[in-house]
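K.L.:
Below you'll find the structure I mean.
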């Protein structure tokens, strides 16, 4: 059964993984308390989505996606910050500040909570809300 609420998702995680996701979840809620929170399906598994933005790609495809996403994979955690400014994707631009993590355009993957520079990540979360997300497919 796929969880339909953030609480169900959090409860479905093994205790050791739940603690790390709860810590990041709490930090996101503190950083951007006004964003709506819901479960969305992304990358084949449930994701806690915070806020939404509407995208329209050059090909004409469009839809709604989470601005911030958080999930626990089998071997790592993923924090998605789907936002860009004039300089490009926020995560890509700030990868060096985020700790012992692997980054993509808008994704931060980390194996342990201690590997993520949580303060730097939350600064990007706040910046993402100000930017309004991606206005292109990311």
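The values are calculated or read from the model by the stated rules, or taken from the named source; none is laboratory data. As the structure is a computational prediction, the values presented were derived from the model and not from experiment. Cβ placement follows ideal geometry from the backbone for every residue including glycine, while neighbour counts extend to all protein chains displayed.
K.L.:
Can you go through 108, 68, 39, 48 and tell me which one is farther than 21 Å from residue 131 by Cβ, in contact with a strand residue (DSSP E or B) (Cβ under 8 Å, 6 or more places away or on another chain) and assigned to a strand (DSSP E or B)?
P.N.:
Result of the check over 108, 68, 39, 48: 39.
K.L.:
Something else: Given the conditions (1) in contact with a helix residue (DSSP H, G or I) (Cβ under 7 Å, 6 or more places away or on another chain); (2) farther than 20 Å from residue 9 by Cα; (3) modelled with pLDDT under 95; (4) buried (at least 19 other Cβ atoms within 10 Å of the Cβ), report the number of the one that residue 31 does not fulfil.
P.N.:
Unmet for residue 31, out of (1) in contact with a helix residue (DSSP H, G or I) (Cβ under 7 Å, 6 or more places away or on another chain); (2) farther than 20 Å from residue 9 by Cα; (3) modelled with pLDDT under 95; (4) buried (at least 19 other Cβ atoms within 10 Å of the Cβ): (3).
K.L.:
Among the residues of the stretch 111-128, how many are farther than 27 Å from residue 59 by Cβ, touching a residue at least 24 places away in the same chain (Cβ under 8 Å) and touching a strand residue (DSSP E or B) at 6+ places or on another chain (Cβ under 9 Å)?
P.N.:
Of the residues in the stretch 111-128, 10 are farther than 27 Å from residue 59 by Cβ, touching a residue at least 24 places away in the same chain (Cβ under 8 Å) and touching a strand residue (DSSP E or B) at 6+ places or on another chain (Cβ under 9 Å).
K.L.:
Across the stretch 55-69, which residue is surrounded by the most Cβ atoms within 10 Å (Cβ to Cβ) among those that are within 16 Å of the chain's Cα centre (by Cα) and more than 14 Å from residue 124 (Cα to Cα)? Quick ask: steps written out before the conclusion?
P.N.:
Applying the first criterion (within 16 Å of the chain's Cα centre (by Cα)) to the stretch 55-69 yields 64-69.
Add one more test, that the residue is more than 14 Å from residue 124 (Cα to Cα), and what stays is 64-66.
Numbers: 64: 11, 65: 19, 66: 24.
Ranking the candidates gives 66 first.
K.L.:
How many residues are under 17 Å from residue 19 (Cβ atoms) and in a helix (DSSP H, G or I) when one looks only at the stretch 111-120?
P.N.:
Going through the stretch 111-120 one residue at a time, the tally reaches 4.
K.L.:
Continuing with this model, one more query. Which residues, counting only those in the stretch 4-36, are under 15 Å from residue 73 (Cα atoms) and not in a helix (DSSP H, G or I)?
P.N.:
13, 14
K.L.:
Collect the residues in the stretch 80-100 that are surrounded by fewer than 20 Cβ atoms within 10 Å (Cβ to Cβ) and either in contact with a strand residue (DSSP E or B) (Cβ under 6 Å, 6 or more places away or on another chain) or closer than 20 Å to residue 133 by Cβ (or both), keeping them in residue-number order.
P.N.:
Result: 85, 86, 87, 88, 92, 93, 94, 95, 99.
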